[in-house]
Amino acid sequence: MCQKSDSVSHKKPSSEGIPTVFARVDGIVMRHFPGALKSTELASRVESALSKHGYDNKTTLLATSLCCDEVNRELEQTMIDVYGENFSMGGLAGFAFGGVTSFCAMAHHIPEGGSCAVLYGPHVGIDDKGNVGKINRRGRMCSGACCGSAAAAMGYVKSVKSGEVKAAAPPQECTDAQQTFVGNMLLPYGQRLEDAKNAQVELPLALFDSQDELMQKIVAGGCGEVHSPGNIALIGGIQINTPAGTSEFFLPKVFEIRNNKGELVANLIDTLYVVEPEASKQDDIFSVMIKALTLLLLLLTVMSLGLHVAGQRTNLMEARQIQRDLQMGNLYVQENEDNFPKRKKQKLLL
């Protein structure tokens, strides 16, 4: 039975120990989303890669297009810690509903001589039981859908494919326009979701393909508003929300730099999996500690073995000395015994 949480975090802590939950969630992430990085690792590696192309925290403007769900602020804040306050373009499910207008507005906010970095993509939750498509939320008895908008859109797509409902026409008013668009933009991926072994795993992957197509159109339409020599870094992927106390993840799908003509300057996706020496020291500190302890134990073992050998040598030397002493003692006794009659005879003669 689920228990209500009083935690102030947006995510509910598990009743199980954090190591147990983390191991379970980590295994699920690696199994279903191979290549996913912890949010902190992503931020560190993005910063390292972009710094080689003139990006820094003074002249870079961060733009984000992530779902408005409160669970998505952790990744956003991690990137804000690197580049400063963000310009938000996203809406339900992470679609960049701000469109070309929001991109152009953002471009006009870039510090002089600087560039922008755009982080975008859908999200998916994994709860403390390892269920993909759910998340433990603060104050809720049980885990719930994550992403809720994506789950509703998939239900809509199934209904349209089965003929239960007709595809919705473009909305005429804005009361629920975003969700209508999310559902219709997912429609082309209906068969892909139906054929998937795990629709909850395939759902964010399909949503990303749709969102990436939209983002490419937005960049093509607004890139000219970025003043030269500024560039546009695109960081697209799937945000993976996890239970409280565990690391969140991001599966990178796009990491590239384009100029203000929309031309590709550099494809950096591979750099996210090449750890810089500085980052390696931080990421592998636990490994270093283990190696140091192993070396210490090896040294102690060698010292112990040396003392043991030295002790054996000392004992052997002492044994040999005792043997020599005994031998000398025997000779002394024998000599005295041999000389005794002679001495006695000499006394008698006197």
Among the residues listed as Leu75, Leu92, the single one being in contact (Cβ under 8 Å) with a residue 60 or more places away in the chain, among the aliphatic types (A, V, I, L, M), surrounded by 16 or more Cβ atoms within 10 Å (Cβ to Cβ) and closer than 23 Å to Ser247 by Cβ: Leu75
Given the structure, is Val21 assigned to a helix (DSSP H, G or I) and either at pLDDT 95 or above or of a type in the set (Ser, Thr, Tyr) (or both)? no
From (1) in contact with a Gly (Cβ under 9 Å, 6 or more places away or on another chain); (2) part of a helix (DSSP H, G or I); (3) exposed (fewer than 15 other Cβ atoms within 10 Å of the Cβ), pick out the condition that doesn't hold for Asp81. (1)
Counting only residues in region 42-64 that are more than 20 Å from the chain's Cα centre (by Cα) and not in a loop (DSSP other than H, G, I, E, B), the one farthest from Tyr120 (Cα to Cα) is identified as Ser51
Would you be able to tell me the number of residues in region 205-263 that are closer than 18 Å to Gly91 by Cβ and among the basic types (Lys, Arg)? 1
Would you say Leu62 is touching a helix residue (DSSP H, G or I) at 6+ places or on another chain (Cβ under 7 Å), open to solvent by 30 Å² or more (accessible area, probe 1.4 Å) and either within 19 Å of Ile240 (Cα to Cα) or modelled with pLDDT of 95 or more (or both)? no
For region 210-231, how many residues are open to solvent by less than 60 Å² (accessible area, probe 1.4 Å) and in a helix (DSSP H, G or I)? 12
Go through region 119-142 residue by residue and tally those that are aliphatic (A, V, I, L, M) and open to solvent by 70 Å² or more (accessible area, probe 1.4 Å). 1
Output for Cβ contacts, cut-off 7 Å, separation at least six or different chains, first residue more than 20 Å from Gly114 (Cβ to Cβ) in region 214-236, second open to solvent by 10 Å² or more (accessible area, probe 1.4 Å) and assigned to a helix (DSSP H, G or I), reads Gly221/Val100; Gly236/Asp212
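The values are calculated or read from the model by the stated rules, or taken from the named source; none is laboratory data. From a predicted model like this one, the values you see are computed outputs, not experimental measurements. Here the Cβ is made from the backbone with ideal geometry for all residues, glycine too, and neighbour counts use every protein chain on show. The protein model used for the area step is the full one, side chains on, heavy atoms only, and it has no ligands, DNA or RNA in it. Shrake-Rupley method; radii C 1.70, N 1.55, O 1.52, S 1.80 Å.
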